[in-house]
1. Which of the residues that make up region 247-265 are in a loop (DSSP other than H, G, I, E, B), in contact with a strand residue (DSSP E or B) (Cβ under 9 Å, 6 or more places away or on another chain) and without any contact (Cβ under 8 Å) to a residue 40 or more places away in the chain?
2. I need the full set of residues from region 273-296 which are part of a loop (DSSP other than H, G, I, E, B), in contact with a helix residue (DSSP H, G or I) (Cβ under 7 Å, 6 or more places away or on another chain) and either surrounded by fewer than 15 Cβ atoms within 10 Å (Cβ to Cβ) or modelled with pLDDT of 95 or more (or both), in order please.
3. Anything in region 325-362 that is assigned to a loop (DSSP other than H, G, I, E, B) and surrounded by 16 or more Cβ atoms within 10 Å (Cβ to Cβ)? List them, or say none.
4. Say we look at region 168-212 and pick out the residues that are in contact with a helix residue (DSSP H, G or I) (Cβ under 7 Å, 6 or more places away or on another chain) and of a type in the set (V, I, T); which of these is nearest to C244 (Cα to Cα)?
5. Can you confirm whether K254 is surrounded by fewer than 18 Cβ atoms within 10 Å (Cβ to Cβ) and in contact with a Pro (Cβ under 6 Å, 6 or more places away or on another chain)?
6. Take the residues of region 218-248 that are aromatic (F, W, Y) and touching a helix residue (DSSP H, G or I) at 6+ places or on another chain (Cβ under 7 Å): which is nearest to A286 (Cα to Cα)?
7. Checking N243 against (1) over 27 Å from P297 (Cα atoms); (2) in contact (Cβ under 8 Å) with a residue 60 or more places away in the chain, which test does it fail?
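The values are calculated or read from the model by the stated rules, or taken from the named source; none is laboratory data. Nothing here was measured: the structure is a model prediction, and the numbers come from that model. Ideal geometry is used to build each Cβ from the backbone, glycine not excepted, and the neighbour counts take in all protein chains shown.
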Amino acid sequence: MINTIAGMLILIVLLWGAYSLFCVLLPLKPFGSRLRAAASVGLSFLALAAITIGLTVIEPEGVTMSGNDGQPEDPAISTSSADPTEAAAPEASSGSEIAVAVTIQPSEDIPAPCGDGGLALNDVVAVTGDHDLHVDPDDTSPKIKNEKASNALGQTRYHQIDNSTTVRRICAQSEWTEVQIVSPEWLDFVKGWVPNTALREIETNDNGSRKYVEDDFYWDEDTSEFKPQIVSVVNRIAVENRNCSTIDPSSVAKSPSRSKPGDPVFFVTCGTGVDVFNVWFRPSDAEGDQQFNATEPLSRNAAVNACEMAAKQAATHPSTVSFSRVWDLAYVTHASGRARVVSSFTAKNGLNLELKFRIDCLFDGPDLIETNISESLD
């Protein structure tokens, strides 16, 4: 209140001082001469100085002095060496004054406003059904064109999201939300608007892994019969296999090579990029004791020894094999539990000539499943 009154007085004095200064140049009423106008200018400066001095000696409204250092303290916020998450109990002071302590919440936890009354939630959600992406939050607005597909097919194609897609909510409004594709990763640059009904929250298990539901899958005549079992097994895989933190539920399909009449075998794809792999299962595994723990790749030494043994078994004269364990050796593991050893060796042929060969050994867990040997051109 004091600051408001002081501000009004300062404004009045400044306006009067400006008018007085103008009257020094051109005498007007109520001044009869330039001398009286100049005196009014001087009095205006004195009035401003008096108001300023008065404000410095009057205690600012709403600020109390506390402690031995005499520093101002905001009555709405108290600082203490105690746990900042605990709000101090109100402490009564003299008269009717009450010191109130509050806890300040981090601002990053509060979504920023966006668009027409929307919120920038920036969380990742799932999709139900197939939906086009629009330029604006309106069914009649243009759809987002898929330039690459349109150029490849020679006809216009548009970007869509479906059950296999996860998206980030950039701006959620009352009926529409602007989203950006998160998976598949090769489309993570695509943005657009979809109705809120197209989106749903992603459920999680106790360990934080994603909990898959029926709406996450594509169902065909092979899989529809086993919906509850497939959903159950895929969720077990997500929890038990540490290398399956990312699962593509839309990839679930019946294996034509492993299935037999009355004994269907299905697979689901885990991982991303170069580390994608399949996990096979039966519907009966939903109630059985089958474990889906990650397969450990064969150790480097064991894999190299097994690959050297394969080289000797393939040679005409095994005793002449000299396997490279340093210069030409490469050992690579994959999230699927597979490991690959690539190296070279020399051996003598039936004509007693020494030749150099390249060897590539592929292991699935402890098992050597593939060996390729070719003559080196070095």
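1. Let us first name the residues in region 247-265 that are in a loop (DSSP other than H, G, I, E, B), namely 255-259, 261-262, 264-265.
This time we only want the ones that are in contact with a strand residue (DSSP E or B) (Cβ under 9 Å, 6 or more places away or on another chain), so: 255, 258-259, 264-265.
Within region 247-265, S255, R258, S259, V265 qualify.
2. The first filter runs over region 273-296 and keeps only residues part of a loop (DSSP other than H, G, I, E, B), leaving 276, 282, 287-296.
When the remaining residues are screened for being in contact with a helix residue (DSSP H, G or I) (Cβ under 7 Å, 6 or more places away or on another chain), the result is 291-293.
Within region 273-296, Q291, N293 meet the criteria.
3. If we filter region 325-362 for residues that are assigned to a loop (DSSP other than H, G, I, E, B), which is where we start, we get 325-329, 334-337, 349-353.
The answer is D328, H334, A335, S336, G337.
4. Checked region 168-212; the qualifying residue nearest to C244 (Cα to Cα) is I181.
5. Numbers: surrounded by fewer than 18 Cβ atoms within 10 Å (Cβ to Cβ): yes; in contact with a Pro (Cβ under 6 Å, 6 or more places away or on another chain): yes.
For K254, the condition - surrounded by fewer than 18 Cβ atoms within 10 Å (Cβ to Cβ) and in contact with a Pro (Cβ under 6 Å, 6 or more places away or on another chain) - is met.
6. Quick first cut of region 218-248, residues aromatic (F, W, Y) only: 218-219, 226.
Adding the requirement that they be touching a helix residue (DSSP H, G or I) at 6+ places or on another chain (Cβ under 7 Å) leaves 219, 226.
Details: W219: 18, F226: 10 Å.
Among residues in region 218-248 that are aromatic (F, W, Y) and touching a helix residue (DSSP H, G or I) at 6+ places or on another chain (Cβ under 7 Å), the one nearest to A286 (Cα to Cα) is F226.
7. Among (1) over 27 Å from P297 (Cα atoms); (2) in contact (Cβ under 8 Å) with a residue 60 or more places away in the chain, N243 violates only (1).
Yes or no, residue by residue, for (1) farther than 30 Å from S245 by Cβ; (2) in contact with a Ser or Thr (Cβ under 9 Å, 6 or more places away or on another chain); (3) small (G, A, S):
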residue: A311; (1), (2), (3): yes, yes, yes
residue: T320; (1), (2), (3): yes, yes, no
residue: T333; (1), (2), (3): no, no, no
residue: G350; (1), (2), (3): yes, yes, yes
